[in-house]
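Here's the structure we're looking at; comments come further down.
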Amino acid sequence: MSAGAQSEAWFSRAQAALPGGVDSPVRAFGAVGGTPIVIQSAKAQTIVDVDGFEYLDFVGSWGPLILGHAHREVVAAIEAAVRRGTSYGAPCPAEIELAEQVVQSYPGIEQVRFVSSGTEAVMSAVRLARGATGRDFIVKFSGCYHGHVDHLLVAAGSGLVTLGEPSSAGVPADFAALTRILPLDDEAALDELFAADGKRIAAVIIEPVPANNGLLIQRSEFLSAVRERCDRHGSLLIFDEVISGFRLGPGGAAAHYGLVPDLATFGKVIGGGMPVGAFAGSRALMRELAPEGSVYQAGTLSGNPVAMTAGLATLGVLREADGWHRLEELGRHLEQVLGEALRESPCRASLARLGSIFWIALFASTPPRAAEAVAPASGEAYASIFHSLLAQGIALAPSAYEVGFLSLAHTTADVDRLGEGLSAALCNVNHGALAND
């Protein structure tokens, strides 16, 4: 499907005023080809572009819109908050109330510090871990994305354990050299690294539900091994729950797996569609932050009253509507419907799902658990599927490696429509490389 005339015109203007025409690279359709649709408005499970075309949306602003677009209670709460003032630069009741809810909901944490994005939350948590331990090395896993923080924009090299190498221009090699990269789902590599560098590792950071290189659902045994190695060597464990936090449930992946990290980062859902991030931990760790401790972190818009109010309204609706249970039921229906579409397709693909997060793994008979197992050729085949669905009025993320999201605004009929659309899209793909064995 080609973008409409108005989207084409707006994107042409955008390319003159914005680098690449976008404010975040994945929006540019570079991975799927074509011109991005420019969105005019959204409501519930539907987005509308500037040409007036409507799409059933499974992107949900990349995860935060767990209630759907422009939910009436969230909009009403935001409108009321704006009338009281858009920013104070001072404490407000809403940030204290939201902090209390986060602390009460998530395993093992006692205090939380709000920021304005997931990247900022991760950056601050890593600084806190280094300050609290007096160590410099950070361990991350290939396939896990933690925002555009300099020392975490690194990619794995060859071998089980590699030194970090920058994967973006502008990141000094000396920054990346303090980062170690491991493959997911590999206890042997974990042990090798800790045997070599355990005394220098400040923290291990992981998406317990990796959802930025496909949905790479981890074995509980592997995550438990990460927790145990950190305990044994005096390193902190950071769960990056920017996507999974308050989406899988009030306790996020920590409650799902029965594991307690030392620090956790949040974003997406707790902002209710507004720019919000947070990091949290025990009182003993969090008191290392200024103004009590020597680890500096600050932000003029941290705890913004409008954003805090949106988060409170979102969590309130989820609790009152039995939202997480309803999303799990809808997720099971999606798993059944899309699973059937994939089984009946001439193409080889599988479905990964956890709660209301899902991903179609192309070229894979079973969903992979490590980034290295994701087929490099997925992109070209996915581009065909993406544009076929878009032509049918269904919007998925414009990348083979991004996940989809359900919201409380979606219905079983919407999921059925996605299943029918996917079946048609798969039939139009060049089957050569995707064909079942």
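Kindly indicate whether any position in the range 82-93 is touching a strand residue (DSSP E or B) at 6+ places or on another chain (Cβ under 9 Å) and at pLDDT 95 or above.
no
I'd like the residue in the range 92-111 that is in contact with a helix residue (DSSP H, G or I) (Cβ under 8 Å, 6 or more places away or on another chain) and more than 21 Å from TYR257 (Cα to Cα) and, out of all such residues, is surrounded by the fewest Cβ atoms within 10 Å (Cβ to Cβ).
Out of the qualifying residues, it is GLU97.
So PHE11 fits all but one of (1) assigned to a loop (DSSP other than H, G, I, E, B); (2) not assigned by TED's automatic domain parsing to the domain that holds VAL306; what number is the exception?
Among (1) assigned to a loop (DSSP other than H, G, I, E, B); (2) not assigned by TED's automatic domain parsing to the domain that holds VAL306, PHE11 violates only (1).
In the range 297-337, which residue that is in contact (Cβ under 8 Å) with a residue 24 or more places away in the chain and not in a helix (DSSP H, G or I) is surrounded by the fewest Cβ atoms within 10 Å (Cβ to Cβ)?
Here the answer is THR300.
Take the conditions of a type in the set (Asp, Glu), over 21 Å from the mean Cα position of the chain (by Cα), outside the structural domain of LEU216 (by TED's automatic domain parsing) and assigned to a helix (DSSP H, G or I) and apply them to GLU340. Does it pass?
Numbers: of a type in the set (Asp, Glu): yes; over 21 Å from the mean Cα position of the chain (by Cα): yes; outside the structural domain of LEU216 (by TED's automatic domain parsing): yes; assigned to a helix (DSSP H, G or I): yes.
Here the answer is yes, as GLU340 does meet what is asked.
Just to verify a result, which residue in the range 376-385, among those that are more than 19 Å from ARG353 (Cβ to Cβ) and hydrophobic (A, V, I, L, M, F, W, C), is surrounded by the most Cβ atoms within 10 Å (Cβ to Cβ)?
Checked the range 376-385; the qualifying residue surrounded by the most Cβ atoms within 10 Å (Cβ to Cβ) is ALA381.
The values are calculated or read from the model by the stated rules, or taken from the named source; none is laboratory data. All values reported here derive from a predicted model rather than from experimental measurement. Neighbour counts run over all protein chains shown; Cβ positions are idealised from the backbone, glycine included.
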